[in-house]
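Visitor: My questions all concern the structure below.
The values are calculated or read from the model by the stated rules, or taken from the named source; none is laboratory data. What you see is a predicted model, and the numbers here were worked out from it, not measured in a lab. A quick note on method: Cβ atoms are made from the backbone with ideal geometry, for glycine too, and the neighbour counts reach across all protein chains shown.
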Amino acid sequence: MKRLALWVSLLGLAAVAGGAAWVWTAWSAASWVGLSRVSGWVAAGLLLASLAASPVGHGGDAKRVKRWRRALGVGAAVSALVHLGIALGGPVRDALDALWTWPTYRAGLLATLILVLLLVTSFAATKRIKVWKPLHRLTYVAGALVALHLLRLPFASVVGLLFFTSALIVLLSWRLLLRLRR
Amino acid sequence: MRVPRQGWVLGLAAPLWALFGGPDLASALFAYLAALVVVGLVARFRPRALELRLPPLGLGLVAVAVVGPALGAAVERAPTLAENEGLLGVAEHLGDRWAMERTPAIAPGVVFTDRPQRFFVHAPGASAVSVEGAGFDAPLDAEALGHGLFRVDHHPRRDGALTAAALTIRTGEATARRPVERVVPTAHPRRLRTNPSRTLAAAVSEETDTLLVVDAEGFVASHDTADRPIDLAFIEGPGANGIAVLSADQVAMMSARSGETQMAHPLAHGTAIAAGNDAPIVPSGSGTSLVMGVGGEDPGLLLLVESGTERLADLPEGPDEIVCTWIACVASLRRTASLVVLGRERVEVPLGRPAVAMAAVDGDTVLVAVTDYSPGEPHLGNHFVQDQLLTLDLRTATITERQPTAWRSPRQAAAGDVDRGLSPMAIDAHGETLAVAFAGSDEIEVFRSGAPVPAVVDLADTPLLAPQGVARLADGTLLVSSPLAGAIGLFVRGELRKLVQLEDVDARTSAQALRLRGEHSFYEATRSGVACQSCHLHADTDHVMRNIGGRRLAPTLTVRGVAGTAPYLRDGSYPRIADLTHLSTTLLGGWLRHEAGRGEALDAFVRALPRHPPKDPPLERVREGLDVFVRAGCPTCHAFPAFTSLASVPQGSLFPESDTLASDERLDVPSLLSVGTRGPFLADGRAPTLRSVFDEAGGRHGDTESLAEEDLDALVTFLESL
C-alpha cells in the first residue's frame with residue numbers, strides 16, 4: 001500500500017511538473033479547463049473514497065482499512081495539488097488575486113491546504129502529534145469546502161455538485177451513526 | 001465524564017473565532033488550527049491539564065457557556081458570511097444552471113404568445129428533435145445544427161400560441177417536459193400621431209396587433225393590423241384620413257375610420273415611418289410621400305410608392321424615428337448616437353447619446369429629447385444623466401439650444417432631489433404650444449409661448465403612468481398614451497375627461513399586473529433623476545460607453561433576453577433581477593414614490609422582455625459557424641443551449657493587459673443569444689463589432705488565433721443567427 005501511495009504521489013508530482021511546463025505554451029484555454037476539470041474531479045473522488053473507507057470497512061480488518069484510507073487520502077492530496085497546479089497554469093494564470101478574493105477559488109485553495117496539511121501529517125514521524133485525530137477530522141471540512149468550491153465554479157456541473165454534496169452528507173452521517181453506536 | 005481532545009479544540013476555536021475572526025470560513029478554519037496548536041502543545045507539555053472530568057450536566061453547561069457566545073456571533077455574522085462566501089442567490093443560480101444542464105434543455109425559457117421566437121435545444125446524441133406545446137397546431141420540428149444542438153423557430157400566428165407553461169421536447173422515442181414562462185402581453189399603445197388637421201390621433205400596440213384611432217370625443221375605432229405594428233403615419237392631403245401602418249413584415253395603408261386595408265406592400269426590418277411633408281429628399285409627384293426607415297442587411301430610408309418602395313438614402317442602421325419637414329428629414333440613429341439630417345445636403349449631427357424622441361416644431365426646427373448631450377468626449381460622471389431638449393436648426397443642421405428638463409418641486413425629500421421633468425419620452429408641438437410627456441415623473445408639461453413656467457398635468461393619480469405618447473388636437477384636447485394602462489386618455493384643461501382602453505383591464509391576470517408594475521418601476525425615475533430607461537432605452541441598450549459605479553467606462557447592457565441567466569450585471573454581483581432595486585434605492589437615491597414589492601415586479605417585467613429577432617443566414621453557413629464555435633472552444637464558457645455557463649470568470653484570464661480592470665474583477669459570462677444586436681463588445685467595449693472581438697481579445701477569447709478568415713466569417717454568421 002505504501003508503494004501505491006508513493007506511485008500516486010510521484011505521478012501527481014510529475015503531472016504538476018508537466019502542468020508547469022505548459023504554463024507558457026500556447027495550449028488552448030479549453031484544454032486547460034478540461035484538464036483542470038478532470039484533475040479536480042479525480043481529487044474530489046479520491047477524497048470521497050478516503051472518507052468512505054472507514055464506514056465501508058467497519059467491522060473488517062482495521063489495519064487494512066487504515067491502509068486504504070491513507071493511500072486514498074494521500075492520492076486526494078496529491079491530486080488536489082495537481083489540480084491547483086493546472087489551475088495556476090491555465091484558468092487563473094493571470095488572475096492570481098482571485099485565488100483568495102473569490103469565494104469559490106478560496107474554498108478550493110483552503111481545501112487543498114487542509115489536504116496538504118493532512119498529507120504531511122500522515123507519515124509515521126508526525127503521527128505522534130497529540131491532536132492527530134482532531135486534525136484529520138478536517139477531511140470533512142475539506143469536503144465541505146470542495147462543495148462550496150463547486151457551488152459557483154464556472155466549469156462544474158450541478159449534477160456533480162449534488163452528487164458530491166449528497167455523498168459527503170451520507171458519509172458524515174454514517175460515521176456519526178457508527179460513533180454513536182459505539 | 002472526560003472532555004475529549006476534540007472538545008478542547010472546538011471549545012477553544014469557537015471563542016477564538018468569535019473574538020478575533022472575520023465573517024468568513026477561512027478565519028474560522030484558522031481559529032480551529034490555532035486551537036489545535038494550543039491543545040497539541042498543552043497535551044505535549046502539560047497533559048494533565050487536559051484530564052478534566054465533569055459530570056454530563058456540568059460538561060453540557062460548560063459547552064454552552066463556551067460555544068454559546070460563538071454561536072451567537074455566528075448567527076450575527078451569518079448574512080455577511082453568506083455574502084463573503086458567495087452564498088447569496090445560490091438557489092436561483094443553481095436553478096438556472098440545472099435548467100441548462102438537464103438535457104434535453106431548451107433556451108430561452110420564455111415563450112411569447114404574440115411574436116416569432118427562436119429557441120435552441122441541447123440534446124446530445126439525439127438525431128432529431130421536435131418541440132410540442134399545448135395550443136400548438138402540430139409539433140415543431142427542430143433543425144439539427146450539429147454537436148447536439150438544435151434550432152426551433154416558432155411563430156404563434158403560424159403554429160398556434162402556447163396555452164400552458166411547459167414545453168415537451170421529443171428526442172426519438174423519449175420525451176421530456178420542461179417548464180417555461182408563458183408571456184401573454186397586454187396592449188401597449190406608444191407613440192401618438194395626429195392627422196394634418198389635428199382632428200384625429202392614433203397609436204399602435206405592437207403586442208396586440210391593434211391600431212387605435214381617437215378624436216376629441218374620445219373614440220373613433222380600434223382596428224386589427226398585420227403582425228407587430230411598429231409605427232404609423234397619417235397620410236397627407238386635404239380631407240385625408242388614411243393611415244400608413246408599418247408592421248414587422250409589411251407596410252399597409254388603412255382607412256382611419258373603417259380599418260379597411262387599401263394597399264399593402266411587403267417590407268422586412270421596418271423601424272420607423274413618417275409623412276414626407278414635401279422634404280427635399282422626396283421626389284415630387286411620388287404619390288404617398290411616406291418615408292420609411294429599414295434595418296437589416298441594407299439599412300436606409302425608403303419611399304413608399306405605388307409599385308412598392310424606392311430607396312432614398314443609405315444609413316448605417318435602421319433609424320429609431322423619422323421626422324420630416326419641407327426643409328429636411330431627420331433620422332435618429334441609436335448605435336452612432338446621432339441624427340442624420342437629409343435636406344439639400346446630408347449632415348450627420350453627433351449627440352453623444354441617442355435621441356429618445358423627436359418632433360418638428362415648425363418647418364425649420366426639430367426638438368430632440370436626449371438623456372445627455374456630449375458630442376465630443378462622453379461625460380464621465382458616474383451614471384451621468386441630464387435629461388434635456390435640444391433644438392435642431394434644420395437650415396444649418398446644428399444644435400442651437402439646449403433646455404434641461406429636470407427640476408425640483410416642493411415634493412423634494414432630500415437636498416438635490418429632482419422630481420419633475422424626468423425622462424422625456426414624447427414631444428408634440430402645435431402652434432404656440434409644446435407638450436412633453438415625461439415617463440420618469442409621470443406627467444405632461446405644457447409649455448406655452450410667453451409663459452414663464454410650464455403647466456403640469458400630473459398623471460400619478462390616473463392610470464396613465466409612464467406616458468409614451470402625447471398629442472394636442474386642434475380644439476385643445478390633450479391626448480396621452482400609456483402602455484401601462486393600455487389606454488389613451490383625453491384631457492381638457494388638465495382634467496382627465498375620458499379613458500379609451502384597448503383591452504379589458506379587469507381581465508388582466510395577476511402575472512400581467514405584476515409585470516406592468518415592474519414596467520412602471522423601469523420607467524419611473526429615481527430622485528437623482530436617473531431611471532433604468534435613461535440608459536436602457538426601452539429595456540434595450542443605447543450602445544453608449546458609460547461610467548458605471550465610478551470605476552470605468554463600460555458599454556450599456558441590454559436588458560432583453562436575460563431571464564434564466566443568474567447572476568446579473570457585468571460583474572455577476574446581483575444574484576437576482578430583483579436585487580437591481582438595491583442600485584436604485586441606494587446609489588440613485590430611491591424612486592420618487594414608495595412602493596412595496598418593486599423587486600418582484602421588476603423581476604417579472606425584465607424576465608418577460610422579448611429579445612430581438614436574430615438574422616437568418618443559410619442553414620449550411622450556420623452549421624459551418626457552429627463547427628468553428630466548437631473548434632475554438634467557445635462552449636467551454638458559452639455553453640449550450642443558452643450560450644452561457646452562468647458563471648463569472650476573473651477578468652485577468654481574459655484581459656491580462658487591461659489597466660482599467662483589476663485582475664480579480666468578476667466578469668459575468670453573458671449569453672450570446674441576440675448578441676448580434678448588441679455592441680460595443682467585450683467588458684470594456686474595446687470591440688466595436690462582433691468580428692473585431694476576435695482581433696481585440698489577444699487569443700484569450702476562445703482559441704481563435706489559428707482560425708482562417710473564412711472560419712471567422714462563418715463564426716460571426718453563426719453568432720448573428722443566435
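Visitor: Can you pull out every residue in the stretch B:313-351 that is assigned to a strand (DSSP E or B) and over 31 Å from the mean Cα position of the chain (by Cα)? So that I can check it myself, show each step before the final result.
Guide: In the first step, residues of the stretch B:313-351 are kept if they are assigned to a strand (DSSP E or B); the result is B:313-314, B:321-324, B:329-333, B:338-342, B:346-350.
The answer is B:Arg346, and nothing else.
Visitor: May I pose another question? Can you spot a residue in the stretch B:513-536 that is among the acidic types (Asp, Glu), assigned to a loop (DSSP other than H, G, I, E, B), assigned by TED's automatic domain parsing to the domain that holds B:Trp591 and crowded, with 24+ Cβ neighbours inside 10 Å? Break it down stepwise before answering.
Guide: Kept after step one, since they are among the acidic types (Asp, Glu), are these residues of the stretch B:513-536: B:519, B:524.
Subset that is assigned to a loop (DSSP other than H, G, I, E, B): B:524.
Then drop every residue that is not assigned by TED's automatic domain parsing to the domain that holds B:Trp591, which leaves B:524.
Restricting the remaining residues to those that are crowded, with 24+ Cβ neighbours inside 10 Å gives B:524.
Checking the stretch B:513-536: at least one residue is among the acidic types (Asp, Glu), assigned to a loop (DSSP other than H, G, I, E, B), assigned by TED's automatic domain parsing to the domain that holds B:Trp591 and crowded, with 24+ Cβ neighbours inside 10 Å.
Visitor: Which of (1) facing chain A (nearest Cβ under 9 Å); (2) within 28 Å of B:Gly550 (Cβ to Cβ); (3) assigned to a loop (DSSP other than H, G, I, E, B) does B:Gly702 not meet, given it meets every other one?
Guide: (2)
Visitor: Any idea which of B:Thr210, B:Thr199 is at pLDDT 90 or above, of a type in the set (S, T, N, Q) and within 26 Å of the chain's Cα centre (by Cα)? Talk me through it step by step, then tell me what you get.
Guide: Working: B:Thr199 fails: within 26 Å of the chain's Cα centre (by Cα).
Checking each option against the conditions leaves just B:Thr210.
Visitor: Could I ask something else about it? Which residue is nearest to the other protein chains (Cβ to nearest Cβ), if the candidates are limited to the stretch B:97-124 and must be under 18 Å from A:Phe163 (Cα atoms) and in contact with a Leu (Cβ under 7 Å, 6 or more places away or on another chain)?
Guide: B:Arg97
Visitor: Further, regarding this structure: Can you name the number of the only condition in (1) under 19 Å from B:Ser481 (Cα atoms); (2) crowded, with 19+ Cβ neighbours inside 10 Å; (3) in contact with a Gly (Cβ under 9 Å, 6 or more places away or on another chain) that B:Arg228 fails?
Guide: Failing condition for B:Arg228: (3).
Visitor: Within the stretch B:355-375, which residues are assigned to a strand (DSSP E or B) and touching a residue at least 24 places away in the same chain (Cβ under 8 Å)? Working first, answer last.
Guide: Step one: list which residues in the stretch B:355-375 are assigned to a strand (DSSP E or B), which gives B:357-362, B:365-370.
Selection gives B:Ala357, B:Met358, B:Ala359, B:Ala360, B:Val361, B:Asp362, B:Thr365, B:Val366, B:Leu367, B:Val368, B:Ala369.
Visitor: Right, something else. Inside the stretch A:151-167, can you point out the residues that are at the interface with another protein chain (Cβ under 7 Å from one of its Cβ atoms), under 15 Å from A:Gly45 (Cα atoms) and outside any loop (DSSP other than H, G, I, E, B)?
Guide: Listed by number, the list holds a single entry, A:Val159.
Visitor: Just to be sure, is B:Leu10 touching a residue at least 40 places away in the same chain (Cβ under 8 Å), farther than 30 Å from B:Arg151 by Cα and not in a helix (DSSP H, G or I)?
Guide: Values: touching a residue at least 40 places away in the same chain (Cβ under 8 Å): yes; farther than 30 Å from B:Arg151 by Cα: yes; not in a helix (DSSP H, G or I): no.
Criteria not met by B:Leu10.
Visitor: Still on this structure: Restrict the check to the stretch B:629-636 and report whether at least one residue is assigned to a strand (DSSP E or B) and surrounded by fewer than 21 Cβ atoms within 10 Å (Cβ to Cβ).
Guide: Our first condition is that a residue be assigned to a strand (DSSP E or B); within the stretch B:629-636, this holds for none.
No, the stretch B:629-636 has no match at all.
Visitor: Being within 8 Å of another protein chain (Cβ to nearest Cβ) and either surrounded by 21 or more Cβ atoms within 10 Å (Cβ to Cβ) or among the acidic types (Asp, Glu) (or both) is the filter; apply it to the stretch A:71-102 and report the residue that is farthest from A:Leu145 (Cα to Cα).
Guide: First, pick out the residues of the stretch A:71-102 that are within 8 Å of another protein chain (Cβ to nearest Cβ): A:91-98, A:101-102.
If we keep only those that are either surrounded by 21 or more Cβ atoms within 10 Å (Cβ to Cβ) or among the acidic types (Asp, Glu) (or both) as well, we get A:91-92, A:94-95, A:97-98, A:102.
Details: A:Pro91: 20, A:Val92: 19, A:Asp94: 24, A:Ala95: 21, A:Asp97: 19, A:Ala98: 16, A:Trp102: 13 Å.
Ranking the candidates gives A:Asp94 first.
Visitor: Another one. Here's a check for you: in the stretch A:137-150, which residue that is part of a helix (DSSP H, G or I) and over 12 Å from the mean Cα position of the chain (by Cα) is nearest to the other protein chains (Cβ to nearest Cβ)? Spell out how you get there, then give the answer.
Guide: Taking the stretch A:137-150 first, the residues part of a helix (DSSP H, G or I) are A:138-150.
In the following step, the residues that additionally are over 12 Å from the mean Cα position of the chain (by Cα) were identified as A:148, A:150.
On the way: A:Leu148: 7, A:Leu150: 11 Å.
Here the residue is A:Leu148.
Visitor: Moving on to the next point. Looking at B:Leu200, B:Leu162, B:Leu167, B:Leu192 in this structure, which one is touching a His at 6+ places or on another chain (Cβ under 9 Å) and buried (at least 21 other Cβ atoms within 10 Å of the Cβ)?
Guide: Values: B:Leu200 fails: touching a His at 6+ places or on another chain (Cβ under 9 Å); B:Leu167 fails: touching a His at 6+ places or on another chain (Cβ under 9 Å); B:Leu192 fails: touching a His at 6+ places or on another chain (Cβ under 9 Å).
Sole residue among the options that is touching a His at 6+ places or on another chain (Cβ under 9 Å) and buried (at least 21 other Cβ atoms within 10 Å of the Cβ): B:Leu162.
Visitor: Test each condition in (1) in a loop (DSSP other than H, G, I, E, B); (2) free of Cβ contacts under 8 Å to residues at least 12 places away in the same chain; (3) over 26 Å from B:Gly148 (Cβ atoms) for B:Gly679 and report the one that comes out false.
Guide: With respect to (1) in a loop (DSSP other than H, G, I, E, B); (2) free of Cβ contacts under 8 Å to residues at least 12 places away in the same chain; (3) over 26 Å from B:Gly148 (Cβ atoms), B:Gly679 is out only on (2).
Visitor: Considering only the stretch A:104-136, state which residues are assigned to a helix (DSSP H, G or I) and touching a Lys or Arg at 6+ places or on another chain (Cβ under 7 Å). Working first, answer last.
Guide: Residues of the stretch A:104-136 that are assigned to a helix (DSSP H, G or I), as a first pass: A:104-120, A:124-126, A:132-136.
Once the filter is applied, which keeps residues that are assigned to a helix (DSSP H, G or I) and touching a Lys or Arg at 6+ places or on another chain (Cβ under 7 Å), the stretch A:104-136 yields A:Thr104, A:Lys133, A:Pro134.
Visitor: Out of all the residues in the stretch B:46-101, which are among the basic types (Lys, Arg) and touching a residue at least 24 places away in the same chain (Cβ under 8 Å)? Quick ask: steps written out before the conclusion?
Guide: Pass one, the stretch B:46-101, residues among the basic types (Lys, Arg): B:46, B:48, B:53, B:77, B:97.
Selection gives B:Arg53, B:Arg77, B:Arg97.
Visitor: How many residues does the stretch B:544-568 contain that are within 20 Å of B:Gly109 (Cβ to Cβ) and either surrounded by fewer than 20 Cβ atoms within 10 Å (Cβ to Cβ) or of a type in the set (Phe, Trp, Tyr) (or both)?
Guide: 2
Visitor: Do we find that A:Val158 is within 13 Å of the chain's Cα centre (by Cα) and buried (at least 20 other Cβ atoms within 10 Å of the Cβ) in this structure?
Guide: On the way: within 13 Å of the chain's Cα centre (by Cα): no; buried (at least 20 other Cβ atoms within 10 Å of the Cβ): yes.
Here the answer is no, as A:Val158 does not meet what is asked.
This table checks each residue for (1) touching a residue at least 12 places away in the same chain (Cβ under 8 Å); (2) buried (at least 22 other Cβ atoms within 10 Å of the Cβ).
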| site | (1), (2) |
| --- | --- |
| B:Pro617 | yes, no |
| B:Arg621 | yes, no |
| B:Leu673 | yes, yes |
| B:Ala708 | no, no |
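Visitor: So, of the residues in the stretch B:656-674 that are part of a loop (DSSP other than H, G, I, E, B) and at the interface with another protein chain (Cβ under 8 Å from one of its Cβ atoms), which turns out to be nearest to B:Gly572 (Cα to Cα)? First the steps, then the outcome.
Guide: Of the residues in the stretch B:656-674, the ones part of a loop (DSSP other than H, G, I, E, B) are B:656-665, B:669-674.
The next check asks that each one be at the interface with another protein chain (Cβ under 8 Å from one of its Cβ atoms); those that pass are B:656, B:662-664, B:669.
On the way: B:Pro656: 19, B:Ala662: 15, B:Ser663: 15, B:Asp664: 13, B:Val669: 8 Å.
The qualifying residue nearest to B:Gly572 (Cα to Cα) is B:Val669.
Visitor: Let me ask another. Which number in (1) among the small types (Gly, Ala, Ser); (2) touching a strand residue (DSSP E or B) at 6+ places or on another chain (Cβ under 7 Å); (3) surrounded by 20 or more Cβ atoms within 10 Å (Cβ to Cβ); (4) within 14 Å of chain A (Cβ to nearest Cβ) marks the one condition that B:Ser653 misses?
Guide: (2)
Visitor: Give the residue that is farthest from the other protein chains (Cβ to nearest Cβ), with candidates limited to residues of the stretch B:682-699 that are within 23 Å of B:Asp540 (Cβ to Cβ) and not in a loop (DSSP other than H, G, I, E, B). First the steps, then the outcome.
Guide: If we filter the stretch B:682-699 for residues that are within 23 Å of B:Asp540 (Cβ to Cβ), which is where we start, we get B:682-693.
If we keep only those that are not in a loop (DSSP other than H, G, I, E, B) as well, we get B:687, B:693.
Details: B:Ala687: 18, B:Val693: 15 Å.
The qualifying residue farthest from the other protein chains (Cβ to nearest Cβ) is B:Ala687.
Visitor: Given the criterion aliphatic (A, V, I, L, M), more than 25 Å from A:Thr101 (Cβ to Cβ), assigned to a helix (DSSP H, G or I) and modelled with pLDDT under 85, identify the matching residue among B:Ala65, B:Ala43, B:Ala73.
Guide: Details: B:Ala43 fails: modelled with pLDDT under 85; B:Ala73 fails: more than 25 Å from A:Thr101 (Cβ to Cβ).
Being aliphatic (A, V, I, L, M), more than 25 Å from A:Thr101 (Cβ to Cβ), assigned to a helix (DSSP H, G or I) and modelled with pLDDT under 85 holds for just one of B:Ala65, B:Ala43, B:Ala73, which is B:Ala65.
Visitor: It is to be established whether one or more residues within the stretch B:68-79 are more than 29 Å from B:Arg2 (Cα to Cα), surrounded by 18 or more Cβ atoms within 10 Å (Cβ to Cβ) and more than 11 Å from chain A (Cβ to nearest Cβ).
Guide: Yes: one or more hits.
Visitor: Out of the stretch A:103-136, which residues are farther than 23 Å from B:Gly89 by Cβ and within 7 Å of another protein chain (Cβ to nearest Cβ)?
Guide: Scanning the stretch A:103-136 gives A:Ile129, A:Lys130, A:Val131, A:Lys133, A:Pro134, A:Leu135.
Visitor: Kindly list, by first and then second residue, each pair from a residue in the stretch B:17-42 that is more than 9 Å from chain A (Cβ to nearest Cβ) and surrounded by 18 or more Cβ atoms within 10 Å (Cβ to Cβ) to a residue that is in a helix (DSSP H, G or I) and of a type in the set (D, E, K, R), limited to pairs with Cβ atoms under 7 Å and residues at least 6 apart or on different chains.
Guide: Between residues of the stretch B:17-42 that are more than 9 Å from chain A (Cβ to nearest Cβ) and surrounded by 18 or more Cβ atoms within 10 Å (Cβ to Cβ) and residues that are in a helix (DSSP H, G or I) and of a type in the set (D, E, K, R), the close pairs are B:Pro23/B:Arg77.
Visitor: Oh, and also: The conditions are (1) free of Cβ contacts under 8 Å to residues at least 40 places away in the same chain; (2) on the phi < 0 side of the Ramachandran plot, and B:Gln117 fails exactly one of them. Which is it?
Guide: Result: B:Gln117 fails condition (1) only.
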